[in-house]
Amino acid sequence: MVTRRLWYLALSPLALASLFGSESFNDIPQGRELYTQWCVGCHGAKHEGGLGGSLVNDPFKQVGRTIGFLEYVKEGNLEVGMPSFEAMLTDNQILSIAHYIAHIRKNGIDAPLEPKILAQQHIEEGKGSHDFAVEEVFKLSGTPWGIDFFPGKSGGLITHREGDLSRFENDRVVGTIRNVPPVRTGGQAGMMEVAFHPEYDTNGWIYLAYSHESEAAGMTRVVRGRIEDDRWVDQEVIFQAQQEHYLTSKQHWGTRIVFTDGYLFFGIGDRGRMNDAQDLSKPNGKIHRVYDDGRIPKDNPFSGDRKALPSIWAYGVRNPQGLDLHPLTGELWESEHGPRGGDEINVIERGKNYGWPEITYGINYNGTPISDRQRAPGMEQPRHYWTPSIAVCGMDFYEGSSFPNWKYNLFAGGLRSNELHRLVIEDGEVVESEIILKDEGRIRDVASGPDGALYLVMNGPSRLVRLVP
């Protein structure tokens with residue numbers, strides 16, 4: 001019997017070089033090219049990590065058997081989202097990537113750029129029929145993930161994937177909420193969404209969606225509670241999957257929360273089990289609808305199917321990262337991580353199948369095909385998609401008055417691309433798309449602020465910024 005365990009190997013640059021071989025090899029440029037081709041989508045253009053871990057700031061991580069870099073890259077580890085590259089890369093190519101990583105760990109890479117844009121110092125000319133400045137509101141710790149604003153008063157809350165919930169007001173962080181529920185961390189897991197109930201002024205309810213751990217496995221969970229003196233109290237569970245549906249994988253948790261007419265919508269990613277997205281007996285790879293107190297509506301589309309989970313509203317999604325209602329039509333719009341290509345913008349409708357993984361515009365991270373079909377009967381087409389992937393994340397319809405020409409446009413952030421996209425919607429279709437901000441950092445969430453500004457939660461460096469006239 002082979003004992004499998006998690007271990008960490010922290011090596012000095014000199015030890016790395018000796019482990020991987022001398023840097024006198026002339027394969028570092030080749031390693032850089034191969035890294036750009038195969039690795040950058042998960043580990044980042046600056047090797048800082050994203051879907052995968054950091055290669056410069058963290059110890060080298062190995063999962064499972066105590067194997068070396070070469071064997072780990074060849075075999076992969078799907079539990080943490082690492083595909084096998086044995087069919088795509090030769091041993092010498094993998095070692096050239098190792099030499100390149102050893103080289104940058106020893107010699108360093110360009111430090112993260114200081115924010116180029118502070119109040120009124122940087123103006124983008126003529127973007128989307130508006131000139132705008134980008135202001136840094138404040139810096140943040142850890143990996144900020146989601147934001148929502150207190151209804152009717154200054155400030156709001158920001159989640160951090162590490163498990164914290166920060167409160168801010170008057171353009172500064174003023175506290176950390178105590179007693180929030182513990183979260184499963186590692187990989188893409190952690191504290192994710194925060195949302196105020198539409199009637200928060202009278203009921204005080206605040207909702208959290210996060211990676212919940214039970215018996216060494218995890219699944220997305222939704223709870224609600226109240227805050228008193230910066231302490232989380234009165235917690236109630238709104239959605240929790242059955243233990244049999246908990247998984248040990250660390251990716252594709254989904255989330256985002258939307259309220260409408262007494263209902264609560266939220267998404268759960270496929271959790272790295274792509275075929276589960278087509279299985280109505282499992283919660284992952286689905287958009288769910290419950291009442292705002294967690295009860296299951298009897299008119300949900302699969303409530304009469306004994307083999308289906310009654311909370312499911314739509315299925316066949318990979319990893320929902322944004323969810324918002326169109327302010328005029330009430331349509332439920334979703335942004336979704338594709339694999340290597342095939343990020344999607346969808347309109348989520350009752351009982352519809354969005355195709356993953358039967359149809360997709362993307363391919364596997366290692367370059368192999370997922371499906372030979374991009375369309376199929378009974379499966380919905382995205383309203384917009386990106387190939388190559390921008391790692392689309394949070395999104396929001398702009399509802400402020402500071403940028404009248406942007407009213408009701410959809411803004412979507414990109415992690416890998418470091419971009420903010422503006423999508424013009426007409427009659428349920430994306431009729432125009434443009435990039436209005438680039439290279440200011442990884443955009444994790446987008447929010448239309450009560451002051452008319454457009455707020456961006458940024459990773460790398462972690463901070464909150466806003467677009468103002």
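The values are calculated or read from the model by the stated rules, or taken from the named source; none is laboratory data. Everything quoted here is computed from the prediction, not taken from an experiment. All Cβ positions, glycine included, derive from the backbone under ideal geometry; neighbour counts span all protein chains shown. These area figures cover heavy atoms from the full protein model, side chains too; ligands, DNA and RNA do not enter into them. Shrake-Rupley method; radii C 1.70, N 1.55, O 1.52, S 1.80 Å.
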Accessible surface of residue 229 - all protein chains present, 1.4 Å probe, nearest 10 Å²: 140
Estimated distance in nm for a label pair at residue 107 and residue 381, the labels positioned 7 Å out from Cα along Cα-to-Cβ: 4.9
Is there a quick way to get the dipole size of segment 161-298? I mean about its Cα centre, with the Cβ of Lys and Arg at +1 and of Asp and Glu at -1; what is the value in debye to the nearest 20? 460
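Which value, in debye to the nearest 20, describes the size of the charge dipole of segment 305-370 about its Cα centre when Lys and Arg Cβ atoms bear +1, Asp and Glu Cβ atoms bear -1, and nothing else is charged?
300
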Modelled label reach - residue 172, point 7 Å along Cα→Cβ, segment 151-166 residues with backbone N closer than 18 Å: 154-158, 166
Net dipole in debye of the chain [+1 Lys, Arg Cβ; -1 Asp, Glu Cβ; about Cα centre; nearest 20]: 1260
Structure-based [θ]222 nm, the chain - -39500 (n - 2.57) summed over DSSP H runs of at least 4, per residue, nearest 500: -2500 deg cm²/dmol
Accessible surface of residue 143 in the full protein assembly, 1.4 angstrom probe, to the nearest 10 Å²? 30
Contour minus end-to-end for residue 408 and residue 36, with contour as 0.36 nm per residue of separation and end-to-end as the Cα-Cα distance? 130.3 nm
Of the heavy-atom accessible surface of segment 241-297 (probe 1.4 angstrom), what whole percent is carbon and sulfur? 42
Segment 407-469 to segment 278-309: how many Å between their Cα centroids? 31
Hz values of 3J(HN,Hα) by residue in segment 265-279 - Karplus curve (6.51, -1.76, 1.60), Gly and Pro given as x: 9, 7, x, 10, x, 6, 6, x, 10, 4, 5, 5, 4, 9, 9
Positive-end extreme of charge dipole, segment 271-423 - chosen from 300, 423, 283 (charges on Cβ): 283
For the chain, accessible area per residue (1.4 Å probe, heavy atoms of protein chains only), Å²: 43
Pairwise FRET efficiency - residue 281 versus residue 201, Cβ, R0 = 45 Å, nearest 0.05: 0.70
Could you tell me the center-to-center distance, by alpha carbons, between segment 193-252 and segment 151-192 in angstrom? 13
Residue 226 versus residue 70, label points 7 Å from Cα toward the beta carbon: distance in nm? 6.3
Gain in length, residue 293 to residue 234, computed as 0.36 nm per residue apart minus the alpha-carbon separation, to one decimal in nm? 19.9 nm
Farthest positive-ward along segment 370-425 dipole, Cα basis, beta-carbon charges - from 392, 414, 370: 370
